[in-house]
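The values are calculated or read from the model by the stated rules, or taken from the named source; none is laboratory data. All values reported here derive from a predicted model rather than from experimental measurement. Backbone-built Cβ (ideal geometry, glycine too); neighbour counts: all protein chains shown. The protein model used for the area step is the full one, side chains on, heavy atoms only, and it has no ligands, DNA or RNA in it. Shrake-Rupley method; radii C 1.70, N 1.55, O 1.52, S 1.80 Å.
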Amino acid sequence: MLNAHVLTPLSPVEVANARIRALVQGARGRALTPSERERYALLLDAYLSARSAESRARVQEMAAAA
C-alpha cells in the first residue's frame, strides 16, 4: 500500500521532465508563445544536462566496480 505522507525526492531529470510536460500541457491546442518557447529551450537544456550527468555517474560507478 502506498503511503501518501511519504515523499520521494525527484531526480533532476524527473524535475526537468515534469516542468517541460507542464509547460507543453498548458499550451495544449495552441502554439507556444515566444516566452514559452524560450522557457522550453531552457528547460530542455536543463533536462539534457541532467541526463548527461546521470549517465556519467553511471559510467563512473561501472568503471569503479570493474
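The residues listed here are 57, 66, 27; of these, the one that is open to solvent by 50 Å² or more (accessible area, probe 1.4 Å) and of a type in the set (Gly, Ala, Ser) is 66.
Against the list (1) modelled with pLDDT of 95 or more; (2) in contact with a helix residue (DSSP H, G or I) (Cβ under 9 Å, 6 or more places away or on another chain), the condition residue 42 fails is (2). From the list 35, 52, the lone residue that is part of a helix (DSSP H, G or I), loosely packed, with under 12 Cβ neighbours inside 10 Å and more than 19 Å from the chain's Cα centre (by Cα) is 35.
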